[in-house]
Amino acid sequence: MSAETVAALQETVEKCRARAAEDPSRRTDLATALTRLGVAYNDHGEYPDAVATAEEAVETWRLVADHRSELADALTTLSSYYAGIGLDDEAAACAEEAAEVMRPGRG
């Protein structure tokens, strides 16, 4: 992804953040935008930004009912980012939570 793409994703996140603040039903849009921005940061080697954005995406997905798969995906992504910067305990905790979220009978 280009720097222009990252800038566009940042702008999208800000717009989605404003919409979600006005209308909580728009949180899925925000969580999706945050996830995409985190991937873009990671692809550009901006690991602290990738981690912070992925953490916010996870927290946002937690607020949205009936999106277990998306939450599990966000947790898995965050786990890989944590592992990439040597935060092995945090990576393991996220991976375990992702598995728990997808366990049948949960939710």
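Every read-out reported here was derived from the displayed coordinates using simple, explicitly stated rules and does not represent laboratory data. Keep in mind that this is a model prediction, so the values were computed, not measured.
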* To the nearest 500 deg cm²/dmol, what mean residue ellipticity at 222 nm is calculated for the chain from DSSP H runs of n ≥ 4 alone, each contributing -39,500 (n - 2.57), summed and divided by the residues? -> -26500 deg cm²/dmol
* Could you give the length gained on full extension between Ala21 and Asp89, defined as 0.36 nm per residue of separation minus the Cα-Cα distance, in nm? -> 21.2 nm
* Asked: In nm, what is the difference between 0.36 nm times the number of residues separating Arg103 and Ser80 and their Cα-Cα distance?
  -> 6.3 nm
* To do: Return a whole-number percent for the relative contact order of the chain, with Cα pairs under 8 Å and 6 or more residues apart as the contact set.
  => 19 percent
